[in-house]
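One structure is given here, and the rest of the page talks about it.
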Amino acid sequence: MAGLEKYRGSGFILTHSVDDFPEDQSFPLHVHEDYELLCVAEGKVGYVVEGQVYDLRSGSLVLMRSAETHKLLVNRSERYERYTLNFRPELLAEHGFPAELLSAFTERGLGERNQYHPSEFFGIEPLGVFRQMCADCAAFGADAAVPAHLVSLLCAINGAFLQKKESPASSEDDMGRRIIDYINEHLTEELSLTVISEQIHMSTSQINRVFRKLTGTSVYHYILSKRLVVAQGMIAKGESATAAGQACGFRDYSSFYRLYKKRFGTAPTTGKKKIMQIKA
């Protein structure tokens, strides 16, 4: 991957990157605490958000909110160029803008209405906005340029969001949604394949097959990733590592400590400090 441009400011990171020959292992399923906007500049790729598969082309925009799992499905023969903006939702309030601008992120189910095509916007082209955003970052500084462009993008996205309707899901997609919804509604409770099977009346083998097909990962790794991100957010807000681990379903602190450090590269007791440094 070549990082063409990268701008970091108070509460956001803007990147412009390209992969001439993208490799699948470079784009694992992941989840994070901040919000993300991804705009494809070049390439034909797939994107999986909470089991929902989207086909992306040049100009396509994808949005993910906090703790929404997502993964790129690469086409190795296609050059993949994109812009990504990761930001804290608090960024808007800090600049005097209302939280309602985040409606397209917050007022929908997980994995629903994540993708937007250029034709769905009126009077604005997202790819052009990202290109101008980078140019203005270089000219005027990221802390001035990014919030201004982000607000205009969010206004346009909300307009497209209100007009957007989901296509009917297949029976297998519907089963996958039931599994994902149940996990997210009971994330801090006792969760296992057996428990899920009993509650949604599907066999464990059927759950495994449907879930892996939709998300590209196992039920175990999906639950683990979600729980760790929730715990990270709690620690960032001042909760103790022990309390955060217990609240997120980790009964054994030593296991929580080991898994957290492997996932984030830092111990949970230092998580708050690191998170704030990233956001600064």
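Each reported figure results from applying straightforward, stated rules to the coordinates on display, with no laboratory input. Since the model is a prediction, treat every value here as computed from it, not as a measurement. Cβ placement follows ideal geometry from the backbone for every residue including glycine, while neighbour counts extend to all protein chains displayed.
Grab the beta carbon distance between Arg209 and Asp174, set R0 = 22 Å, and tell me the FRET efficiency rounded to 0.05. Walk me through the numbers on the way to the answer.
Working: r = 15 Å, r/R0 = 0.67.
It comes out at approximately 0.90.
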> Relative contact order for segment 171-279 using alpha-carbon pairs under 8 Å, separation at least 6, rounded to a whole percent?
Replying inline: 23 percent
> Taking only DSSP H segments of four or more residues, each worth -39500 (n - 2.57), what value at 222 nm results for the chain once the sum is divided by all its residues, to the nearest 500 deg cm²/dmol?
Replying inline: -14000 deg cm²/dmol
>> Take the residue pairs Lys44/Lys262; Lys71/Lys262; Lys226/Lys261; Lys6/Lys164; Lys71/Lys213 and return only those whose Cα atoms are more than 21 Å apart.
In response: Lys44/Lys262; Lys6/Lys164
>> Can you compute the modelled spin-label distance between Leu4 and Glu185, with each label point 7 Å from Cα toward Cβ, in nm?
In response: 4.4 nm
